[in-house]
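Some notes on the structure that comes next.
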Amino acid sequence: MRLIVLGCSGSGPGPGSPASGYLVEAGSTRLVLDLGNGTLGALQRHADPWDLTAVAFSHLHPDHCADFASLVVHRRYHPRPPYDATARPLPVLAPAGAHDRFARAYAPTGDELAGTDLTDVFTFTDLAAGTPVTVGSGDDAVTVTAFPVFHSAPGHALRVEYAGRVLTYSGDTAACDGLVAAARDADLFLCEASWPHGPHNPPGVHLSGREAGEQATAAGARRLVVTHVPAWHDGDEIVAEARAAFAGPVEHAFPDAVLEV
């Protein structure tokens with residue numbers, strides 16, 4: 001299994017990176033985790049969107065899902081045969097209410113929205129805490145398990161398992177037991193860290209670099225990759241905090257990085 005970073009800028013795209021989005025490859029399975037601003041374009045450097053097996057969303061803030069509207073257009077109006085999205089709707093794993101949220105983003109006016117049903121080209125499955133969902137088939141199938149985390153919108157950390165390897169993606173979260181459970185013994189823990197540690201940070205929204213390292217230590221993760229650093233913060237400072245709190249390898253995510261899990 002490997003992880004390809006499509007975008008890793010926190011809270012929105014930055015000058016050097018799209019917002020949050022990641023491609024997981026496991027055999028023939030292609031799973032996207034989040035699809036924030038600018039990530040659909042980055043995806044096409046690494047995979048044909050028609051080859052995706054599924055898309056999973058940690059939560060529904062725009063910097064994690066804004067490019068879904070463009071994916072709707074891609075699947076409905078792509079001119080080249082043999083693509084027929086209605087013959088093979090793409091599975092979407094997301095928090096409850098995602099269909100309506102995405103329909104409104106795609107068709108914002110009342111008249112346009114009235115006829116919008118995205119199930120012509122997608123199938124939607126609500127993430128349920130602790131319930132594994134199979135993505136792909138046969139020896140290439142991966143399981144995705146959602147763990148509720150603490151953020152300003154309902155969201156989950158996503159635990160992806162394949163062939164005895166574990167990748168955990170934090171989504172957006174403050175420090176919480178759900179995140180530690182999701183990252184338990186993970187081979188690669190892709191964890192948000194949105195600001196330097198300090199009393200000025202709003203409570204219950206994001207992690208600091210130090211907190212990301214502490215959560216990785218509590219979970220017994222083997223490797224930490226820090227992501228979701230906003231353009232207005234110093235990523236090196238935040239990674240240094242994480243290294244001080246976690247004894248294992250710590251890296252900073254960057255666009256187009258390819259990470260073996």
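Contact annotation: residue pairs with Cβ atoms under 6 Å, 6 or more positions apart or on different chains, pairing a residue in segment 179-190 that is buried (at least 24 other Cβ atoms within 10 Å of the Cβ) with a partner that is part of a strand (DSSP E or B) and β-branched (V, I, T), are L179/V149; A182/T168; A183/T168; A186/V166; A186/T168; F189/T168; L190/V225; L190/T227.
For segment 234-244, the set of residues classified as surrounded by fewer than 20 Cβ atoms within 10 Å (Cβ to Cβ) and out of contact with any His (no Cβ under 8 Å at 6 or more places or on another chain) consists of D234, E237, A240, R243, A244, listed by residue number. Of the residues making up segment 198-213, those that are more than 14 Å from H233 (Cα to Cα) and either modelled with pLDDT of 90 or more or of a type in the set (A, V, I, L, M, F, W, C) (or both) are V205, R210, E211, A212, G213.
Taking first residues from segment 233-261 that are closer than 10 Å to A212 by Cα and partners that are part of a helix (DSSP H, G or I) and of a type in the set (D, E), the Cβ contacts under 9 Å between residues at least 6 apart in sequence or on separate chains come to E241/E211; A242/E211; A242/E214; A245/E211; A245/E214; F246/E214. With the structure loaded, tell me whether V5 is at pLDDT below 95, in contact with a strand residue (DSSP E or B) (Cβ under 9 Å, 6 or more places away or on another chain), hydrophobic (A, V, I, L, M, F, W, C) and at negative phi or whether it fails that test. Taking the combined requirement at face value, the residue does not satisfy it. Taking (1) in a helix (DSSP H, G or I); (2) surrounded by fewer than 21 Cβ atoms within 10 Å (Cβ to Cβ) in turn, H200 satisfies each apart from (1). Figure legend. Inter-residue proximity from segment 137-149: first residues over 9 Å from Y162 (Cα atoms), second residues charged (D, E, K, R) and not in a helix (DSSP H, G or I), beta-carbon distance below 7 Å, spacing 6+ or different chains. Indicated pairs: T145/R159; F147/R159.
The values are calculated or read from the model by the stated rules, or taken from the named source; none is laboratory data. These numbers come from a predicted model, not from an experiment. Quick reminder, even Gly has a Cβ in these numbers, built from the backbone with ideal geometry, and neighbours come from all protein chains shown.
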